[in-house]
Amino acid sequence: MGNKIVTFTEQQLDNYQDCTFFTRKEILRVHKHYRAMRPDLVPKQMTDGEASTVRLPRQDIEQLDELKENPFKQRICEAFSRDGLGNLTFEDFLDLLSVFSEQAPRDIKIFYAFKIYDFDKDGFINQADLKCVIKALTRNELTPEEHQQIAEKVIEEADVDGDGKLSFLEFEHVVLRAPDFLSTFHIRL
């Protein structure tokens with residue numbers, strides 16, 4: 001009695017609960033999962049700022065069963081990491097799983113999907129970004145010419161303002177018409 005290790009302070013748990021789509025119990029489960037990847041790096045107790053400073057290398061995060069086979073695992077990690085390189089603090093990891101949870105609203109999922117597909121990080125999805133998406137999805141089963149044709153067709157169909165690239169609003173319009181987007185944009189732990 002009284003020897004229980006406190007992973008987070010009550011205030012931290014309140015803050016994480018306010019900023020995510022998780023319950024306290026789920027937050028603690030996420031921490032357990034995060035720590036299990038690298039117990040040598042991640043302390044049991046994260047009450048002194050470690051949750052925002054200790055980082056797991058992207059390569060470790062990519063080995064999660066839930067990400068291992070995902071063709072966008074590198075981009076997912078980069079989109080959620082504060083360093084932009086895919087190395088995730090616990091808070092980054094919590095955000096990632098919160099956005100990919102079934103409780104997260106569609107508009108937040110669309111925002112991050114756009115961020116993930118924006119490979120060159122210029123705030124638009126252009127033909128080069130689309131070719132990267134197509135290549136990742138088809139696992140090199142198509143020719144470069146077929147990648148080009150598909151990218152051109154997507155731009156032709158979705159580019160409302162005719163500037164040759166998709167803005168966030170144009171991307172959102174396309175995704176809202178995809179009925180299975182929400183069912184595929186999730187990760188369960």
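Here are a few things to note about the model shown:
- Taking Cβ atoms as reference points and 12 Å as the exclusive limit, the residues near LEU13 contribute a net charge of -2, counting Lys and Arg as +1 and Asp and Glu as -1.
- For LEU166, the residues whose modelled amide H falls within less than 5 Å of its own, excluding neighbours fewer than 5 places apart on the same chain, are ILE125, ASN126.
- Phi angles across segment 139-149 convert, under the Karplus curve 6.51 cos²θ - 1.76 cosθ + 1.60 with θ = phi - 60°, into 3J(HN,Hα) values of 6, 6, 7, 10, 7, x, 5, 5, 4, 4, 4 Hz, Gly and Pro given as x.
- Lys, Arg +1 and Asp, Glu -1 on Cβ, resulting dipole of segment 82-189 about Cα centre, debye, nearest 20: 400
- Near LEU56, the amide H atoms lying under 5 Å from its own belong to LEU88, THR89; only residues 5 or more places off or on other chains count, and H is placed 1.01 Å from N.
- Scanning residues 5 or more positions from SER81 or on other chains, those with amide H under 5 Å from its amide H are GLY86, with H placed 1.01 Å from N in the peptide plane.
- Using the Karplus relation 6.51 cos²θ - 1.76 cosθ + 1.60 with θ = phi - 60°, the per-residue 3J(HN,Hα) values for segment 40-50 come to 6, 9, 9, x, 5, 9, 10, 9, 10, x, 5 Hz, with x marking Gly and Pro.
- Across segment 157-169, computed HN-Hα scalar couplings (Karplus, 6.51 cos²θ - 1.76 cosθ + 1.60, θ = phi - 60°) run 6, 10, 7, 5, 8, x, 8, x, 8, 9, 7, 4, 5 Hz from first to last residue, x flagging Gly and Pro.
Every number in this text was worked out from the coordinates using simple rules, so none of it is lab data. The structure displayed is predicted, hence computed values, not measured ones. We place every Cβ from the backbone using ideal geometry, glycine too, and count neighbours over all the protein chains shown.
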